[in-house]
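One structure is given below, encoded as structure tokens.
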Amino acid sequence: MTTTSTSTSVGDKRIFITGGASGLGRALAERYARAGYRVCIGDIHEARAKEALTGLGPSAHFVRCDVTREEDLAEAARWLEQNWGGVDVVVNNAGVSVAGAIEETPLDDWQWIVDINLLGVVRGCKVFTPLFKRQKSGTFINVASLSGLIHLPMMSAYSATKAAVVAISETLRVELEPDGIRVAVVCPAFFRTNLAESVRAENADLRRLTRLLVEKANLGAEQIADHVYEAVERGDFHVLTHTEGKVAWMIKRLAPFSVYLAAIRRVTAKMMAKRDEEPVLHPEASKTIEA
């Protein structure tokens, strides 16, 4: 099922964004709309998507898209080719979060996050690559996380999926170059968004800490979207949006592993101290809301 607005063109360039109804996806939609792109957002939240469309120009379009369903992405690709003659940028953005110790995290949660964070990106790249090849051009923007490069305790499931997104992106960067297809991978640290809505954690303190780190982050989704737009325009591959993320990644790559581990321990201690500064929430206040 699709919902459309007026089909008047606002520019020649076209972008499709999964998870585009809220959070970073919506911020990216708004940033690219300001740059003159026609924006198509895919999401499972129709009400949010309709609200998001109002700020994206008269040609903005919504297609209901569950990234765990290859047929939904295929339908989006068909619509874009039939109605807009193709697409220039595909943003594989939809994502969720799981936090917890390895022995606490149910395998159902592993399967859930892998199906969305990892296989959602795989499906997006698999479906849109033939269209890009027919066009002889196109750009994939795959949204990973700093957790795909720097791995903190209690985040094994999330880090594993985001590291895999980085690996896929690095592979496709070379694999698709001969066809004129570009790839970028976005690795932000914590920023203010609605990702905490979808966090799954058996431990209420971890749910609370995740939400706290998101809510008190220095940067918002709009600032991250600006970074992404500018970096992709420059042709950057790794898009690290936070200075501290760039420093941490450089330490991991260049310093002895013992130095990197010491830095991770310090960061973890600071995170736990921040959690302890906050009053303990009633368990009902930290229940999961799945996106």
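Coordinate-derived values only; no laboratory data. Everything numeric here is computed off the predicted structure, so don't read it as measured data. All Cβ positions, glycine included, derive from the backbone under ideal geometry; neighbour counts span all protein chains shown.
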(message) I'd like the FRET efficiency for Lys136 and Lys50, computed as 1/(1 + (r/R0)^6) with the beta carbon distance as r and R0 of 51 Å, rounded to 0.05.
(response) 0.90
(message) Please give the Cα centre distance for the stretch 79-157 versus the stretch 12-51, rounded to the nearest Å.
(response) 16 Å
(message) Just want the ordering: Lys126, Lys136, from fewest to most Cβ atoms lying within 10 Å of their own Cβ.
(response) Lys136, Lys126
(request) Could you work out the equivalent-ellipsoid semi-axes for the stretch 29-125, taking the square root of 5 times each eigenvalue of the Cα gyration tensor, largest first, in whole Å? (result) 29, 15, 11
(request) Could you list Leu240, Leu261 in order of exposure, starting from the residue whose Cβ has the fewest other Cβ atoms within 10 Å? (result) Leu261, Leu240
(request) Apply 1/(1 + (r/R0)^6) to the Cβ-Cβ distance of Gln223 and Thr268, taking R0 = 30 Å, and write down the FRET efficiency to the nearest 0.05. (result) 0.75
(request) Using the number of other C-beta atoms within 10 angstrom as an exposure proxy, rank Thr18, Thr139 with the fewest first. (result) Thr139, Thr18
(request) Place a label point 7 angstrom from the Cα of Ile251 along the Cα-to-Cβ direction, then list the residues of the stretch 152-176 whose backbone nitrogen is under 13 Å away. (result) 152
(message) Students often get this wrong, so check it: of Lys13/Lys252; Lys13/Lys133; Lys246/Lys270; Lys162/Lys270; Lys136/Lys252, which have C-alpha atoms separated by over 27 Å?
(response) Lys13/Lys252; Lys136/Lys252
